[in-house]
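Report on the following structure.
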Amino acid sequence: MNDTHRPAEPGMTIGGLAKAADVNVETIRFYQRKGLMPEPQRPSGGIRRYAEEDRSRLHFIKSAQRLGFSLDEIAELLQLEDGTSCAQARTKAQAKLVDVRAKLEDLRRMEGVLEGLIRLCGASRGKVRCPLIAALKEDVPSSANPSACA
């Protein structure tokens, strides 16, 4: 799914909303079960209709997910959606940034371990066991294990 959003039709069905927001219908239903999306009232004998605000809300959720926010964190951000609690939103974003930086450090350590194992693997000759496979069968040494370095 791409990030180009089609204009919403007035009084969209759930399928129309999904198409306008470039998500699956089941995604909308999942967000409704999680309390992230409202479920419009069904008129007697009719079909639920969604408004442009619902498409905007879906866009907000997907954008927040791309920034690494969990659904629980997104629910908290949605409570601040009116924009009057910028300080709280900033605090949440700063905490997310700390989390992202920690993950980047873990990824850099993992990269270093993998580079070292690949070098060892390329250096082995003959019938010697592959160092990479051997390390994975045993356990990556704690000095090379990213979670042990955290």
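For L114, the solvent-accessible surface with a 1.4 Å probe is about 90 Å², rounded to the nearest 10.
Would you mind counting up the charge near P38? Only other residues with Cβ under 13 Å from its Cβ, with Lys and Arg at +1 and Asp and Glu at -1.
On the way: positive: R29, R33, K34, R42, R48, R49, R55, R57; negative: E39, E53, D54, E81.
Taking every other residue near P38 into account, the sum is +4.
Relative to its Kirkwood radius, the Cα radius of gyration of segment 10-111 gives an Rg/Rh of 1.08. Under Stokes-Einstein, with the Kirkwood radius over Cα pairs as Rh, the value for segment 52-108 at 10 °C and 1.306 mPa s is 130 µm²/s. Rounded to the nearest 0.05, the FRET efficiency derived from the C-beta distance between L78 and R48 at R0 = 25 Å is 0.80.
The values are calculated or read from the model by the stated rules, or taken from the named source; none is laboratory data. Given the structure is predicted, the values throughout are model-derived calculations rather than measurements. Note that we place each Cβ from the backbone using ideal geometry, even for glycine, and neighbour counts take in every protein chain shown. Heads up: the accessible areas ignore ligands, DNA and RNA and are worked out on the full protein's heavy atoms, side chains in. Shrake-Rupley method; radii C 1.70, N 1.55, O 1.52, S 1.80 Å.
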